[in-house]
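J.: Provided herewith is a single structure, encoded as structure tokens, for subsequent inquiry.
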Amino acid sequence: MKVNLMHGAGGEVMGELLSVLTRFSHNNAGGIGLESLDDGAVIPIGDKNLVFTTDSHVVHPIFFPGGDIGRIAVSGTINDLAMMGGRPIALSCAMIIQEGFDVADLERIVASMDAALGEVGASIVTGDTKVLERGALDGIVINTAGIGVTERAVRDNGLQPGDLIIASGTIGDHGLAIMAHREGFDLGEQIRSDVAPLWGMIEGALAAGEIHAMKDPTRGGFANAINEMASKSGVRVEIDEEALPIRRSVRSAAAMLGIDPLEVANEGKAIMGVAPDDAEAVLQALRSHPYGRDAAIIGRVTEGKNVVMRTSIGGERFIEPPVGDPVPRVC
């Protein structure tokens, strides 16, 4: 087998590569480790839990409507911590920069990262820099790792029958913004990336009610995230198509490009399974935050398996995990 682009796209094909990359016998430091393939690891320390995650970012183009590679690098790591209930504290940043990269663009990226950190009170506390010869890579690659703390970790495998599924906002914005920008579509400000650090919103939701499972639908989009959650939890998830929050402009762009908006990456959204008695309180907590104004209850958890969507015309269809991300290099 040779590695190809599909192996990094977040869908089913990526599982083939992960079966090799996760062959570590030393994979857990006493809590939740690599074996779980969750958004991060959890390491118990006294009466607290340290949450730890890392991510690399190869976005093209590096500047796009609504954000840039720097904002994604910080937000992606903060959001992985947040999905496990972790309050972000400190991040590292390693940059691999191509010879000839414009320093003005680098300054713009750093300023964007700093602004995202400021939104949640986290800091970049250490880092590393490498410069490669021209042509060795496409501009810049950024790796960020982060640590946070939580008293109770949230998993992506905790869905329970009876839970209601909540999406914290509109689906498909980031992937379609990148793709439309690449293709040169003149859509003005109609489609913008949703990239954002979500801890402030998630903190309020956690305080409002019992969240059993949570995941951010990045590579592979909503379809991949909800299938992972259902499969790991051993349950069936039923989604109401009419309840899915998808912007009209995103639907239109997706139709033009032949892309399912459920399968493209989001960089500022959360999907969560919430105890039914707490769902309305959690929903209102999300909607009270600027990043959660379009939050909606979109489905429910039942006994069984698979993810099924009840369509607007009264039928049902399976929501399958994508083979790969139809929009590569979006995060």
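J.: Positive end of the dipole of the range 5-150, charges at C-beta (+1 Lys, Arg; -1 Asp, Glu), about the Cα centre: which of G118, G31, A90 has its Cα farthest in that direction?
T.: With unit charges placed on the Cβ atoms, the residue in question is G31.
J.: For a quick protection proxy, order the peptides 282-289, 196-203 by their average other-Cβ count within 10 Å, most packed first.
T.: With the highest mean Cβ count within 10 Å placed first, the list reads 196-203, 282-289.
J.: How big is the charge dipole of the range 9-74 about its Cα centre, in debye rounded to the nearest 20, if each Lys and Arg gets +1 on its Cβ and each Asp and Glu gets -1 on its Cβ?
T.: Dipole about the Cα centre, nearest 20: 160 debye.
J.: Between G268, G175, G204, find the one with the highest GNM mean-square fluctuation for the chain; connect C-alpha pairs within less than 10 Å.
T.: Fluctuation is largest for G204.
J.: Give the Rg (one decimal place) followed by the Dmax (whole number) of the chain, computed from C-alpha coordinates and expressed in Å.
T.: Spelled out, the Cα radius of gyration and Dmax of the chain are 19.0, 58 Å.
J.: Helix-only estimate, please: 222 nm mean residue ellipticity of the chain, summing -39500 (n - 2.57) across DSSP H runs of length 4 or more and dividing by its residues, to the nearest 500. Kindly include the intermediate steps, with their values, before the conclusion.
T.: On the way: 8 runs with 95 residues, N = 331.
Rounded to the nearest 500, it is -9000 deg cm²/dmol.
J.: Which whole-number percent gives the relative contact order of the chain, counting Cα pairs below 8 Å spaced six or more residues apart?
T.: After rounding, I find 24 percent.
J.: Continuing with the same structure: With the cut-off at 1.5 for a/c, could you classify the range 163-318 from its C-alpha gyration tensor as rounded, prolate or oblate? All intermediate terms of the calculation are to be shown ahead of the outcome.
T.: Numbers: a/c = 1.97, a/b = 1.30, b/c = 1.51.
Verdict is oblate for the range 163-318.
J.: Answer with one residue from L159, L106, G172: the one whose Cα lies farthest towards the positive end of the charge dipole of the range 89-206, charges on Cβ with Lys, Arg +1 and Asp, Glu -1.
T.: Value computed over the given set: L159.
J.: According to the Kirkwood expression over distinct Cα-Cα pairs, how big is the hydrodynamic radius of the range 212-287, in Å?
T.: Hydrodynamic radius (Kirkwood, Cα only) of the range 212-287 equals 13.7 Å.
J.: Just flag the chymotrypsin sites (Phe, Trp or Tyr not before Pro) in the range 20-112 sitting in loop per DSSP whose Cβ has no more than 10 other Cβ atoms within 10 Å.
T.: Details: sites: F24, F52, F63, F101; in loops: F24, F101.
Here the chymotrypsin sites (Phe, Trp or Tyr not before Pro) that fit, given the DSSP loop and packing criteria, are F24.
J.: Sticking with this structure for a sec: Of all DSSP beta bridges located in the chain, what percent are antiparallel, nearest 5?
T.: The antiparallel fraction comes to roughly 75 percent.
J.: Something else: With +1 on each Lys and Arg Cβ and -1 on each Asp and Glu Cβ, and nothing else charged, work out how big the dipole of the chain is about its Cα centre, in Debye to the nearest 20.
T.: 200 debye
J.: Counting heavy atoms of the protein chains only and a 1.4 Å probe, report the per residue accessible area for the range 139-183 as a whole number of Å².
T.: On a per-residue basis, 28 Å².
J.: With a cap of 11 neighbouring Cβ atoms within 10 Å, and only residues DSSP puts in a loop, list the GluC sites (Glu not before Pro) found in the range 226-331.
T.: Sparse-neighbourhood loop GluC sites (Glu not before Pro): E303.
J.: So for the range 158-277, taking the charge dipole from beta-carbon charges (+1 Lys/Arg, -1 Asp/Glu), which of L206, V235, G221 sits furthest toward the positive end?
T.: In the range 158-277, that residue is G221.
J.: Which loop trypsin sites (Lys or Arg not before Pro) in the range 10-84, with loop taken from DSSP, have no more than 13 other Cβ atoms within 10 angstrom of their Cβ?
T.: Qualifying residues, ordered by number: R23.
J.: Per the Kirkwood treatment, what hydrodynamic radius in Å, one decimal, follows for the range 5-150 from the mean inverse distance over all distinct Cα pairs?
T.: On the way: mean 1/r = 0.0607 Å⁻¹.
Taking the inverse mean of 1/r over all distinct Cα pairs, the range 5-150 comes out at 16.5 Å.
J.: Same structure, new question: Quick one: which of K2/K269; K48/K215; K232/K269 span more than 25 angstrom between C-alpha atoms? Could the numbers behind the result be given before it?
T.: On the way: K2/K269 33 Å; K48/K215 21 Å; K232/K269 20 Å.
K2/K269, as the Cα separations exceed 25 Å there.
J.: Among N224, N79, N306, which one moves the most in a GNM of the chain with springs linking Cα atoms closer than 10 Å?
T.: Answer for the Gaussian network model of the chain: N306.
The values are calculated or read from the model by the stated rules, or taken from the named source; none is laboratory data. Owing to the predicted nature of the structure, the values given are computational and were not obtained by experimental measurement. Note: ideal-geometry Cβ built from the backbone for every residue, glycine included; neighbour counts use all protein chains shown. Only protein heavy atoms, including side chains, enter the accessible area calculation; ligands, DNA and RNA are left aside. Shrake-Rupley method; radii C 1.70, N 1.55, O 1.52, S 1.80 Å.
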